[in-house]
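The numbers here are math on the coordinates, done by the rules we state, and not lab data. Since we're looking at a predicted model, the values are computed, not measured. So basically every Cβ, Gly included, is an ideal-geometry build from the backbone, and we count neighbours across all protein chains shown.
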C-alpha cells in the first residue's frame, strides 16, 4: 500500500516524509517544559500541589526517554520510523488526556513521565532520522526546516494551552492537546511513513541510479565501527557541552537579567527574542553548508554561542540583553540543526538510528547538568557571574571539539 502511494505520488515522496516529520516535530512540544509551565499555576492552585513537585516528573521522564534511545534507535534502523512515531505519539496523546482527569500527584507522575519519555527519546530521534534517510544532498536544508517547525511548535503550543486555560480550564487544554497529537502524530506517520526510499524503489534526493556518481555515494558505519572513531566521541562531547550551556542559560536567563536591574517585562522580551533567534539560526546556518562544510558551520554556530555568553556577562541594559539573545540564540539554533547533519553525513544512513540513540544520553545528560550547575553556583555565590564563566569555558571547549571533529575515514578502522 505504501509503495503504491509513494510511486503514484505526483511529487518526490521524500517531501511527504518531510511534511509528516515537520508536523510531528511541531506537536512534539506538548510535553515540553515550556508547555508544562503554563499548567503549573492553575494545576497547583486547584490540586494543592507544590510547584516544585512538577520538576521531578520532567527530569525522570527525560532520563527514561534518553536512556531508552539506543534500543529505540536500533528499532528505527530495522523497522523504520512509522511504528515508532505513531506508537510514541499515541502514548503522548493518551498521557495528555489522562492528565486532564487526575487528582493525585502519583498519577500525574505516571502519565507525564510516559509522555515526557516519548518527547525526550523516540520523538526526538525519529523525525531527524527519517528526514536524513530520504535526503543526502538536501539534508542540511531539510533538517533546517525540521528544526524551524519544532521551534514554531515550541512557541505556539504553550500559547494555545494558555488560551484554552484562560477561556475554559486546564483539563480542557490537556484534552485538546492530546486530541491534536492523536490526529497529527498518530494517523499520518502510521499510514504513510516509509523507512527509506530504497524500500519503495526510489533513491535519496530523487536521483536516479544512472545519475548517481561515486562522489555522491555515502559510506555507512555500524555502531561498533562508529564507536572506534575519535570523531564520534568528539561529537558526543560537543553535543553534551553545547546543550549543557543551552539548558543552563535558557532556564536562568530571565532571573539573571532581572538581577542585572532589567525589569521583568523587558527580561521576558529578551527571552522571547532568544527563542525566535534560535528558530532563525536553525534555518540560516545550514543554508551556508552549500559553500562551507557542516563542521565549519557548526564551529561557527558554537562560536556565536560563545560570543553570546561573553555579551551576556556584560549585559546590564535591555539593549545588551537583546544583542546577547540574538547572537546566542542564532548560534544555538545552528548547533541544534547541524549536529543532526554531522551525524548523518559522517556515519551514513544504515545504522543512523542506533548511533544517534547511543549518543543521545550524553546530550540529555548535559541538558540535565546545565540548570543544576547554574542553580548550585548561584546558591553558593549569590549571583550568576561564576555560572556564566563556567558556561563560557564549557562552550569554548565545545567549539574546539566540533572543530576537530573531522570526517572519519573508514579505511583506518
Seminar exercise, completed: Taking the chain and counting helices only, DSSP H stretches of n ≥ 4 at -39,500 (n - 2.57) each over all residues, the nearest-500 ellipticity at 222 nm comes to -26000 deg cm²/dmol
Problem set entry | Ranked 78, 139, criterion: other C-beta atoms within 10 Å, fewest first | 78, 139
Exercise. Taking the Cα-to-Cβ direction at residue 37 and at residue 385 and moving 7 Å from each Cα, how far apart do the two end points lie in nm?
Worked result: 2.7
Problem set entry | For region 218-407: relative contact order, % (alpha-carbon pairs under 8 angstrom, 6 or more apart) | 41
Exercise. Taking the Cα-to-Cβ direction at residue 187 and at residue 376 and moving 7 Å from each Cα, how far apart do the two end points lie in nm?
Worked result: 4.8
Seminar exercise, completed: So for R0 = 35 Å, FRET eff. of residue 265-residue 47 from the Cβ-Cβ r, to 0.05, ends up at 0.75
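Using 0.36 nm per residue, how much length does the chain from residue 258 to residue 400 gain when fully extended, once their Cα-Cα distance is taken away?
Extra length available between residue 258 and residue 400 comes to 47.9 nm.
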For this session: Sort region 15-84 into rounded, prolate or oblate with this rule: let a ≥ b ≥ c be the square roots of the eigenvalues of the Cα gyration tensor; rounded if a/c is under 1.5, and if a/c is not under 1.5, prolate when a/b is larger than b/c, oblate otherwise.
Result: oblate
For this session: Return the single residue from 106, 131, 358 with maximal mean-square fluctuation; model: Gaussian network over the chain, springs between Cα atoms under 10 Å.
Result: 106
Exercise. In what sequence do 43, 180, 335 fall when counting other Cβ within 10 Å, fewest first?
Worked result: 180, 43, 335
Exercise. With contacts defined as alpha carbon pairs under 8 Å and 6 or more residues apart, what's the relative contact order of the chain in percent?
Worked result: 24
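Return a whole-number percent for the relative contact order of region 27-125, with Cα pairs under 8 Å and 6 or more residues apart as the contact set. Write down the numbers at each step before the final one.
Values: 97 pairs, mean separation 42.0, N = 99.
About 42 percent, as a whole number.
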Problem set entry | Cα→Cβ-extended label distance, 7 Å offset, between residue 393 and residue 71, nm | 3.8
